[in-house]
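Asks: One structure follows; several queries about it will come next.
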Amino acid sequence: MNLLAEPIGVSHYLVVGAVLFVCGAVCMATKRNALGVLMGIELVLNGANLNFIAFGSRVLHADGQASIGLDGQLIALFVIVLAAAEAAVALAITLNFYNNHSTVDVDRADELKG
Amino acid sequence: MNWHTIYFLLFSLAACGFALAVVFSSNIVRMAFYLVLSLGATAGLFFLAGADFIGAMQLLIYVGGTLVLLVFGVMLTAQSPFISMKTHSGDWILAAIVGGSLFAVLVQAAFSISQWQAGSSSNDPAIVAAPTTTTVGEGLLGLRVDALSKASTLQQTGVLSGYLLPFEIVSVHLLVVLIGAAYLARAKRRKLVQMAET
């Protein structure tokens, strides 16, 4: 498991994607600002995107044959578009919540509790 | 250690470092700035992996669109009690335990399959320099240029592995979502005007 000795492969990209994913998950769990939670979601989607690109890349595979080929890039493109849509809706909901409650603290959003 | 490795280390250190800075910063304005840098470094990683079109789209849509939206949200709600919100230490401990175990599982999975650890063939310039814009665009229109040698599978199974239907679905989805977001975030002035008139 000597990372620096061997040439860059899919595993290196998977480790970077894992770091981004875990950072996003921790960010979603700990931030109290609703926009901070949104930034955590962006980080999670970005880590997933990095994994898709690594699996579909022709450069990173030893024989030049990609395992999933162009599908990885196309799915990553869809993830980017869906992330943009998600950010727009979540920002609209956050601004609405801010207009009604004058706060962006997610701990205060407890009106639906049973 | 060639240039590919050096650039990979540079971009991956920037991406991971700024992602950690996003997590450990409590100032929302600085978090937005660190997120811009982290996503930009990830676009560099996309370029290194040979996905030039996706890297450009990452810079255009993510860094240029989504994060501008987030920065607008930060500016619209940036009042002094919300700029820096402290988290309870119990939440930090719980998130560190969950995140650490998740990270251990993911890294173990990344090294568990030996084919993924196989090194790069980046010394072949034809593979590295091949642009992907045309193939991605035609893949979105339902024509898989990269899978033309597998055309016999199309005749056998009748399955066209293009992405025309998901492309249309995501286009309509984006339109509906943007209209809905504009409807949700509109300024509610009309009701006040009517109440003032009556």
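The values are calculated or read from the model by the stated rules, or taken from the named source; none is laboratory data. Remember, it's a predicted structure, so these values are computed and weren't measured experimentally. Accessible surface is based on the protein model in full, side chains and every heavy atom, while ligands, DNA and RNA are left aside. Shrake-Rupley method; radii C 1.70, N 1.55, O 1.52, S 1.80 Å.
Asks: Hey, what angle do you get for helix A:70-101 against the long axis of chain A, alpha-carbon based, 0 to 90 degrees rounded to 10?
Replies: 10
Asks: Right, here's the next one. How big is the A/B interface in buried accessible area, both sides summed, 1.4 Å probe, to the nearest 100 Å²? Kindly include the intermediate steps, with their values, before the conclusion.
Replies: Details: alone 8020 and 15540 Å², together 16270 Å².
Chain pair A/B: roughly 7300 Å² of buried accessible area.
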